[in-house]
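What follows is a single structure, written as structure tokens, with notes after it.
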Amino acid sequence: MPLYRASCCLAFASAVTILLSITASETLLGLSLVALVASRAKLRLPRIWLPLGLFLVGTLLSLAFSPKPIEGLPQLKKILVYSMLMVVYSTVPDVLTARRLFQSWSGVAAIVASIGVVQFAEKWHAAHVRHLDFYQFYVTDRLTGTMRHWMTFAGQEMIVLLMLLAFLLFAPGLTRRSLWIWSACAALLGTALLLNETRTVWLGTAVAGAWLLWWWRRWMAAAGPLVVILLVWLLPGPVHDRVLSIFHPQQDVDSNEFRRIAFRTGLLMIEAHPWLGIGLDETKYHFLDYLPPDTPRPLPSGFYQHLHNFYLQFAAERGIPTMLMMIWMLLTILYDFFHALQRLPEGRSDARFLLHGGIAAVIGIMVSGVFEVNLNDSAVLTVFLIVVACGYVAAGQGPHVPGWYFPARRT
């Protein structure tokens, strides 16, 4: 039992520190996994173990048949990251513990968001001192919080914000004081996410947020996003300019042309290697080899190290079957969480907020994943797996869930 308790504490610490340091979180995860195995406690996985296992098998096959397997070896550490699902599901005993985890998350994320807002102010000042156009100065060097890249920061903050919104809308026992505190945290997260200016995450957050509002107050599903859009559209500034760039991108600054090139190139890779893919991490080494013949030269400004679409990315480097296993897993999570929600009694509950938040997180990841390779980012993937594991813990709390569907023993 001491080893199991140590594993629980280490897992909790790993889940919280992922918002601060990938290295620290993965170290704590490894220690938690070792303690969990040594404790001889029952290792548990939710029923998505089959598509997840097949996805990992497909990943290993892609590496084995890659023309240069050594170039894909760094991707193997993702297998440790996927163990977060088992570790959290095996060590989080109930929804109350999951609630405390997400409250800790929200507090830490609010601090990280504050750091991001300060970074934005510093960059604004730096551009002003140098008499530079702020938009052009900022768009290639945005706020990152405690992460190394703004996309990682945005992906993490999106998931935490969605879970916090679900907490505010569906969790029980919120006093007036706590409601103000958590609402302030949500406002801070939302501000940092807007100032981060990652358009793909804006879209994912908007669609997933609409899901939450629909199940809370259906009229808010239309009114809420409309108010945000009007504010961003009417108020001048860099966020307004970034929204305009979706429809009228500035050439060599935020052109969308490179995404179209990446999409077409990815399709050609998949056509040439449909079953096992071109190999892990091989897309960046062979991108120029698969460029469509009519591609303009020089290439438009943009990032060409991946395909900016996790569906395309997984299919191109691991094969279509492996990519379909990931989609199977994501759709299974949505199915399981939605049907578990239908079995809950009416009213607020921790299980309800965890399940709604889990669905919103999957929606946000799947929508933003059309434009970014978010599930291939260790930090974003870790946060996502924690949400999924806690969602399955909540699904097992339902009073009328048959034993064949979820574990019969409540955890």
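The values are calculated or read from the model by the stated rules, or taken from the named source; none is laboratory data. The shown structure was predicted, so the numbers you read here are calculated from the model rather than taken from an experiment. Using ideal geometry, Cβ is built from the backbone for each residue, glycine included, and neighbour counts are taken over all protein chains shown.
When region 283-333 is examined, which residues are found to be of a type in the set (G, A, S) and over 30 Å from W49 (Cβ atoms)? Correct list: S301, G302. Considering each residue of region 160-180 in turn, none proves to be in a helix (DSSP H, G or I), among the polar types (S, T, N, Q) and within 22 Å of V370 (Cβ to Cβ). L280 meets each of the listed conditions (1) of a type outside the set (F, W, Y); (2) buried (at least 17 other Cβ atoms within 10 Å of the Cβ); (3) more than 27 Å from L50 (Cβ to Cβ) apart from (3). Contact annotation: residue pairs with Cβ atoms under 6 Å, 6 or more positions apart or on different chains, pairing a residue in region 116-134 that is of a type in the set (A, V, I, L, M) with a partner that is modelled with pLDDT of 95 or more and assigned to a helix (DSSP H, G or I), are V117/A192. Return yes when R148 is at pLDDT below 95 and outside any helix (DSSP H, G or I) and no when it is not. Yes, satisfied.
Conditions tested, residue by residue: (1) within 14 Å of W202 (Cα to Cα); (2) touching a residue at least 60 places away in the same chain (Cβ under 8 Å); (3) in contact with a strand residue (DSSP E or B) (Cβ under 8 Å, 6 or more places away or on another chain).
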| site | (1), (2), (3) |
| --- | --- |
| A222 | no, no, no |
| L230 | no, no, no |
| L235 | no, no, no |
| V239 | yes, no, no |
| V253 | no, yes, no |
| F258 | no, no, no |
| F263 | no, no, no |
| G266 | no, no, no |
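The listed residues are V112, V81, V88, V95, and the only one of them that is over 19 Å from the mean Cα position of the chain (by Cα), at pLDDT 90 or above and β-branched (V, I, T) turns out to be V95. Test F120 against the stated conditions and say whether it is hydrophobic (A, V, I, L, M, F, W, C), within 30 Å of L344 (Cα to Cα) and assigned to a helix (DSSP H, G or I). So F120 does not fit the description; no.
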